[in-house]
1. Every residue in region 73-98 that is aliphatic (A, V, I, L, M) and surrounded by 14 or more Cβ atoms within 10 Å (Cβ to Cβ), please.
2. With respect to Asp49, is the statement that it is more than 13 Å from Trp97 (Cα to Cα) and at pLDDT below 60 true?
3. Is it the case that some residue within region 12-31 is of a type in the set (Phe, Trp, Tyr), modelled with pLDDT under 90 and over 26 Å from the mean Cα position of the chain (by Cα)?
4. Filter region 65-80 for residues that are within 18 Å of Glu122 (Cβ to Cβ) and part of a helix (DSSP H, G or I); which is nearest to the chain's Cα centre (by Cα)?
5. For region 81-100, does any single residue satisfy the condition of being over 20 Å from Ser54 (Cβ atoms), at pLDDT below 90, under 23 Å from the mean Cα position of the chain (by Cα) and outside any helix (DSSP H, G or I)?
6. Could you list, in sequence order, the residues of region 86-105 that are of a type outside the set (A, V, I, L, M) and without any contact (Cβ under 8 Å) to a residue 24 or more places away in the chain?
7. Return yes when Gly116 is modelled with pLDDT of 90 or more, surrounded by fewer than 16 Cβ atoms within 10 Å (Cβ to Cβ) and closer than 16 Å to Phe61 by Cα and no when it is not.
Amino acid sequence: MMNSTIMIFKIVLLLTLISWINILQARPLTTSSIGRATTLMTHLKLQDDKEDSSECWDSLFELQACTGEIVLFFVNGETYLGQDCCSAIRIIERQCWPSMLDSLGFTSQEGDILHGYCDASESPTPNLAP
């Protein structure tokens, strides 16, 4: 009886060691979580110039505030988006997170329409005086 208990203990111990070896090989311990955090902070524009970072986040909040305006633009065929809304779209897409509109649920086509509208409203109208 004692021999079988010792044998079972040895088998369990061996299986445990093999499991730990597999776990340690599957996940390298040399990877630093600091590097991943830095990459995330850079991606979210948290380490860049504080002014740019603030402008990105302010624009994101402005975009949230003008969501109703954007919905009306597409659903009702409204042909107007406010300057603040267009400014937020331009800043986010050009300076901060180019794929943000896709992440917020807008299709590529809708994003292109918003870009086109806001870019057209940004350019000065030509003087048609004779």
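The values are calculated or read from the model by the stated rules, or taken from the named source; none is laboratory data. None of these values were measured; they are calculated from a predicted model. When we count neighbours, we look across all protein chains shown, and the Cβ atoms used for this are built from the backbone with ideal geometry, even at glycine.
1. Across region 73-98, the qualifying residues are Leu81, Ala88, Ile89, Ile91, Ile92.
2. Yes.
3. Yes, region 12-31 contains a residue that is of a type in the set (Phe, Trp, Tyr), modelled with pLDDT under 90 and over 26 Å from the mean Cα position of the chain (by Cα).
4. Ile70
5. Yes, that holds for at least one residue.
6. Selection gives Glu93, Arg94, Pro98, Ser99, Asp102, Ser103, Gly105.
7. For Gly116, the condition - modelled with pLDDT of 90 or more, surrounded by fewer than 16 Cβ atoms within 10 Å (Cβ to Cβ) and closer than 16 Å to Phe61 by Cα - is not met.
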